[in-house]
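Novice: First, the structure itself, so that you have it in front of you.
The values are calculated or read from the model by the stated rules, or taken from the named source; none is laboratory data. Nothing here was measured: the structure is a model prediction, and the numbers come from that model. All Cβ positions, even for glycine, are placed from backbone atoms using ideal geometry, and neighbour counts span all protein chains on display. The area values use the complete protein model at the heavy-atom level, side chains included, leaving out ligands, DNA and RNA. Shrake-Rupley method; radii C 1.70, N 1.55, O 1.52, S 1.80 Å.
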Amino acid sequence: MTEHKKIRGMTWSDPRGYDPLVAASQTFRDRHPDADIVWDKRSLQGFESTPVEELAETYDLIIIDHPHVGAVVEKNCLLPIDRFAEKTALERLFAETVGKSYQSYAYDGHQWALPVDAACQVQAIRPDLVSAPVKTFSDVIALAKDGRVVWPLLAPHVLMSFFSLLANSGAPFPVTRGTAINHTAALDVIGAMATLADLVDPACLTMDPIAALDALCEDNTFALCPYVYLYAPYARANYRANRIVFHDMPSLGASGPLGSALGGTGIAVSSQTKHPDLCVEFALWVASADIQRGLYATHNGQPGNAVAWGDAAVNAPVGSCYSNTRMTHEAAWLRPRHDGYMAFQEDASHILLDALTGKTDPKSALLALETRFDESFDHE
């Protein structure tokens, strides 16, 4: 008698993170009738902050955020997928991935997850309230003066906007110890962010991307969210009271929509799983072009595969959000990923929030960011 295999997965609770994996797991059972993949879910805040090593003790498959990979390597809690997957299959996925999504899970010579979802900070508009997307940060300020802008500033998203605008200015934040921050550019960015923060509703300080997009949808108060992670389901008809359209990020610098802080998710396999081959097979399958542009996209998924992003049938139900934001995603900036980064991300967010709310001055905040970033490498 064939052994029945139960595989537990952990993802995040938004329909974008949960629905496509449940649908894919049900279909995968047709390939493996002796295996059940059951998914649990955690909140967005939990997804961004829960240590992967804790999840790997309980779950076989884990949806992760790429800045965790440095800690993952240190804790030895995930399988290097390249040791179980065929080289050609991984090369194909690398070539098919949007921007740096595949690269974001490569660390210390191994591939620790496969991208199933691509995202970075873009702009979201209400097309019934504003005639076209804005192009520049100055355009954002003009709309904010009229009370038309909502902007998620809850940690870590305030830091993500800082990263995006700094890289967009041509002076990306360091990713290695001892690399100086460009003080002139950083102070300019903090100043620009403070100007915008003074103009938006103070409720933005408590908003994550989902809360900001909900506010954009709910009534006719807001017309623009200038820097927010792409959430394709909001571009679907009838997903919320009003439909959102996504476009490339507004530029602070002179080179267009480049430098947005990369997000998205990858599927990883616990080093403690009893079914490594089956888990890797599922990960490869759910990240593949055919699944991503078919079953995954039609069940509220936001693909990470470029074949799906270029598919007209995938774009049509979501207001062409993939083709509209493709340039921003292809030119996105990859965050630091060393062990110790995640704690820095939380602390740095609050340092920035203090600067934006006048609790500290920008120069002191910048020095604190530099000091805290260098200290974050002491984990290594």
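Novice: Determine which single condition residue 378 fails, assuming it passes every other condition in (1) part of a helix (DSSP H, G or I); (2) open to solvent by 60 Å² or more (accessible area, probe 1.4 Å); (3) over 23 Å from residue 230 (Cα atoms); (4) free of Cβ contacts under 8 Å to residues at least 12 places away in the same chain.
Specialist: The number of the failed condition is (4).
Novice: Another question, then. Can you tell me which of 224, 196 is of a type in the set (A, V, I, L, M), modelled with pLDDT of 95 or more and either touching a Gly at 6+ places or on another chain (Cβ under 6 Å) or under 24 Å from residue 317 (Cβ atoms) (or both)?
Specialist: Just one listed residue meets the conditions, 224.
Novice: Also: Show me the strands (runs of 3 or more DSSP E) entirely contained within the range 213-331 in which 1 or more residues are under 18 Å from the mean Cα position of the chain (by Cα) and under 15 Å from residue 123 (Cα atoms).
Specialist: 224-229, 245-247
Novice: Next question, about the same structure. Could you count how many residues in the range 133-177 are farther than 29 Å from residue 337 by Cα, assigned to a loop (DSSP other than H, G, I, E, B) and open to solvent by 50 Å² or more (accessible area, probe 1.4 Å)?
Specialist: So the count comes out to 3.
Novice: Next question, about the same structure. Checking the conditions here, which among 259, 264 is more than 27 Å from residue 13 (Cβ to Cβ), open to solvent by less than 20 Å² (accessible area, probe 1.4 Å), touching a residue at least 12 places away in the same chain (Cβ under 8 Å) and touching a Pro at 6+ places or on another chain (Cβ under 9 Å)?
Specialist: Exactly one of 259, 264 is more than 27 Å from residue 13 (Cβ to Cβ), open to solvent by less than 20 Å² (accessible area, probe 1.4 Å), touching a residue at least 12 places away in the same chain (Cβ under 8 Å) and touching a Pro at 6+ places or on another chain (Cβ under 9 Å), namely 259.
Novice: May I pose another question? Quick one: what pairs do we get from the range 297-309, first residue within 15 Å of residue 114 (Cβ to Cβ), second among the hydroxyl-bearing types (Ser, Thr, Tyr) and modelled with pLDDT of 95 or more, C-beta under 6 Å, 6+ apart or different chains?
Specialist: Listed pairs, sorted by first residue: 303/296; 304/101.
Novice: Where residues in the range 178-212 are of a type in the set (Ser, Thr, Tyr) and assigned to a helix (DSSP H, G or I), which of them is nearest to residue 138 (Cα to Cα)?
Specialist: Among those that are of a type in the set (Ser, Thr, Tyr) and assigned to a helix (DSSP H, G or I), it is 195.
Novice: Out of the residues in the range 315-340 that are of a type in the set (Ser, Thr, Tyr) and open to solvent by 10 Å² or more (accessible area, probe 1.4 Å), which is farthest from residue 189 (Cα to Cα)?
Specialist: 320
Novice: Can you find a residue that is closer than 17 Å to residue 163 by Cα, over 19 Å from the mean Cα position of the chain (by Cα), of a type outside the set (A, V, I, L, M) and open to solvent by less than 30 Å² (accessible area, probe 1.4 Å) anywhere in the range 361-375?
Specialist: Yes.
Novice: For the range 341-359, how many residues meet the condition of being over 21 Å from residue 265 (Cβ atoms) and surrounded by 20 or more Cβ atoms within 10 Å (Cβ to Cβ)?
Specialist: Residues meeting the conditions: 5.
Novice: State yes or no: is residue 242 surrounded by fewer than 23 Cβ atoms within 10 Å (Cβ to Cβ) and closer than 25 Å to residue 13 by Cβ?
Specialist: yes
Novice: Tell me whether the range 113-129 contains one or more residues that are assigned to a helix (DSSP H, G or I) and under 23 Å from residue 225 (Cβ atoms).
Specialist: No, the conditions are met nowhere in the range 113-129.
Novice: Filter the range 4-32 down to the residues that are assigned to a strand (DSSP E or B), closer than 14 Å to residue 283 by Cα and open to solvent by 10 Å² or more (accessible area, probe 1.4 Å) and list them by number.
Specialist: Once the filter is applied, which keeps residues that are assigned to a strand (DSSP E or B), closer than 14 Å to residue 283 by Cα and open to solvent by 10 Å² or more (accessible area, probe 1.4 Å), the range 4-32 yields 8, 10.
Novice: Only residues that are over 17 Å from residue 268 (Cα atoms) and small (Gly, Ala, Ser): list them for the range 14-34, please.
Specialist: Listed by number, the list holds a single entry, 23.
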